[in-house]
Amino acid sequence: MIAIIDFGSQVAHLIARRIRSLNVYAEILAPDAVSETVIAKSSAFILSGGPESVYDQKINFNKDILYANKPILGICYGHQLIAHEFGGKVLRANRKEFGIATLAVAKEHRLFARIPRTSPVWMSHGDTVEQLPAEFEILAESDNCKAAAIGCTQKKIFGVQFHPEVIHTQYGVQLLENFLTIADIERDWHPDNLQNKLINEIKAEVGDDAVLIGLSGGIDSLVAACLLRMAIDDKLHCVYVDSGLTRIGDTHHVQEVCKALGFSNLSIIDASAQFLKNLENISEPEEKRRIIGHTFIEIFETAKQKIEKEKNIRFEFLAQGTIYPDRIESAQASVTASKIKTHHNTALPDTMQLRVIEPLRDLYKDEVRALAKQLHIPAAFLQRHPFPGPGLAIRILGTVDAEKLESVRNADYIFTQELQKTDWYNKVWQSLAALIPVKTVGVMGDHRSYEYMIVLRAITSIDGMTADWAKLPDTLLTTIATRIVNEVAGVNRVLYDITQKPPATIEYE
Ligand code: XMP
């Protein structure tokens, strides 16, 4: 295993995903969570970037890592930390370098095997390494950064000022692969082979007990349910809570896919009225998320009791489709990373007195997708765009009511339909319609209209962490806008969002 020590990077997950894509298992750990056991079981360490300066000393970190005689790669802050801790000098920045730079290899070295002498890299830093520690040498430099890559070959300790994990660094994955080769690490992690291992783990953990799982309509809970069903058959009971904050066809899709997969115990609960009532007059995004989370718990708890009574059983386990990024983000491994919004509703089990089982807890989304294919989950289900847990409630800016929900749902449907017709649906990473509760004047036939506006957002992305707006053809945009204004009640204007992420997020709230 490779331990990635997260010093507050916004992209620590990218490092882990890149390493896993090279068939090596990697885990992310907070700097103060690195025990002797972790050090012993790790074959190498990667020290991430982060917002701090090495002089701030705010981060409590186990320095034994540095002297464990294991290969280390420091990235950005990690690079500066290596230089600082081994006796070099880091210069405090008076200006920051942010963006693409040209890296020039300064010395023939295995870290730069199969990488051209010059190549583009992504820089994002303030401080720089000014003076190298003894035994270290410069391996590559850029115009603004003399020590862009440094290393002590004998100890197998390296530092790079740029970010090999981001896509803008053209040979970043090659550099990570070269590090794994130098570190002599076996490439034996294959997510495709996981199915049997996970099923056996479930069997061992659950035994003969009954398990309850909430299906969200997304791929993670469905894959978890599939594995559970294969492990314990009809001792698994699925509950799908229809919050009414869903897209057209969502509930039907869940029903159909469960039927196709042969699930026998599925309860579908229509709770739309209760969600709408609880959201009345609530406009603050995080408050909406909180209320939606609580309403889910309440309804789920009632459903559980009803099933137990009707079937005369007692649930011992609650299964969840939690995946690795959910777990790490909600556990706040990145204590120093800024909080933008709460994405994860992992509070479910606290009140329920059930043991929690999370079969996908160590997997990334692409690994779950690979599993889903093997489990014969229909492709149409897998290709659906990501949809946030709080649903359309966070796509209606401000307060939510039945009319606005109807408008945004219908606009989303038209947008999706037109994207699918032209095959743009599969070319974009995510698309959405949001309702802006600001009224503008329009003209409909001979009448004045005074209605809300819909904003459309379609983005291209690799992982949702950064995104660009999709360059949809203007004829397509015209068709969509015309249909929305003609067919959706309460809307007389359509906007198209051309902001990148960052600085904007994908959703509006
Ligand atoms: P942002 O808006 O942060 O979104 O750029 C990144 C991805 O996360 C989804 N998202 C959520 N997913 N609960 C979720 O399960 C949430 O509260 C939530 N907010 C955003 C968003 O749709 C995008 O795919």
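Straight Cα distances below 14 angstrom link residue 70 to the aspartates and glutamates 36, 184, with same-chain residues fewer than 8 positions distant left out.
Going down the table (89/146; 235/304; 203/365; 259/309), which pairs top 20 Å between alpha carbons? Can you show the working numbers first?
Values: 89/146 13 Å; 235/304 14 Å; 203/365 23 Å; 259/309 24 Å.
Among 89/146; 235/304; 203/365; 259/309, the Cα-Cα distance tops 20 Å for 203/365; 259/309.
Extending 7 Å from the Cα toward the beta-carbon at both residue 1 and residue 284 defines two label points whose distance is 3.9 nm.
Ordering 142-148, 262-268, 470-476 by mean Cβ neighbour count within 10 Å, with the highest value first, yields 142-148, 262-268, 470-476.
Set the Förster radius R0 to 35 Å, insert the Cβ-Cβ distance between residue 43 and residue 476 as r into 1/(1 + (r/R0)^6), and round the FRET efficiency to 0.05. Before the final figure, lay out each step's value.
Values: r = 50 Å, r/R0 = 1.42.
Step by step, r from the Cβ atoms, then E = 0.10.
Name the lysines eligible as straight-distance cross-link partners of residue 439: C-alpha to C-alpha under 16 Å, and not fewer than 8 places from it in the same chain. Filter leaves 404. Here is how the number arises for the chain: DSSP H runs of 4 or more residues each give -39500 (n - 2.57), the sum is divided by the residue count, and the result at 222 nm is -10000 deg cm²/dmol.
Say R0 is 51 Å: what FRET efficiency, to the nearest 0.05, do residue 107 and residue 427 get from their beta-carbon distance?
Details: r = 42 Å, r/R0 = 0.83.
The formula returns an efficiency of 0.75 here.
Every pair of different Cα atoms in the range 121-186 enters the Kirkwood calculation, which places the hydrodynamic radius at 12.6 Å. With all protein chains kept in place, the per residue accessible area of the chain amounts to 46 square angstrom at a probe of 1.4 angstrom. Counting 0.36 nm for each residue step from residue 310 to residue 184 and taking away their Cα separation leaves a gain of 39.6 nm. Can you work out the PRE-style zone for residue 362? Point 7 Å along Cα to Cβ, and I want the residues of the range 171-205 with backbone N under 17 Å. Under cut-off, by backbone N: 186-205.
Rolling a 1.4 Å probe over the protein heavy atoms of the chain, with every protein chain left in place, gives an accessible area that is 49 percent carbon and sulfur. Distance between the modelled labels on residue 130 and residue 256, one decimal in nanometres: 6.5 nm (7 Å Cα→Cβ projection).
Expressed in nm to one decimal, what extension gain is obtained for the pair residue 489 and residue 92 from 0.36 nm per residue of sequence separation less their Cα-Cα distance?
Additional length available on full extension: 137.2 nm.
For the chain, what is the percent of antiparallel DSSP beta bridges, rounded to the nearest 5?
Values: 36 of 74 bridges.
If we restrict to bridges inside the chain, about 50 percent are antiparallel.
Here each label is just a point 7 Å from Cα along the line to Cβ, and for residue 170 and residue 53 those points are 3.4 nm apart.
Highest mean packing first, where packing is the average number of other Cβ atoms within 10 Å per residue, the peptides 37-44, 441-448, 177-184 line up as 177-184, 37-44, 441-448.
Residues whose amide H lies under 5 Å from that of residue 44, counting only those 5 or more places away or on a different chain, are 3; hydrogens are built 1.01 Å from N in the peptide plane. For the range 58-129, the relative contact order works out to 34 percent when only alpha carbon pairs closer than 8 Å and six or more residues apart are counted.
Helix 285-311 versus the longest principal axis of the chain: what is the Cα-based angle in degrees, 0 to 90, to the nearest 10? Here the helix axis deviates by roughly 70 degrees. Computed from point charges on the beta carbon alone (+1 for Lys and Arg, -1 for Asp and Glu), the dipole magnitude for the range 1-132 about its Cα centre is near 520 Debye.
The values are calculated or read from the model by the stated rules, or taken from the named source; none is laboratory data. Here the structure is a predicted model, which is why all the values come from computation and not from measurement. Note that we place each Cβ from the backbone using ideal geometry, even for glycine, and neighbour counts take in every protein chain shown. Keep in mind that these areas ignore ligands, DNA and RNA; they rest on the heavy atoms of the full protein, side chains included. Shrake-Rupley method; radii C 1.70, N 1.55, O 1.52, S 1.80 Å.
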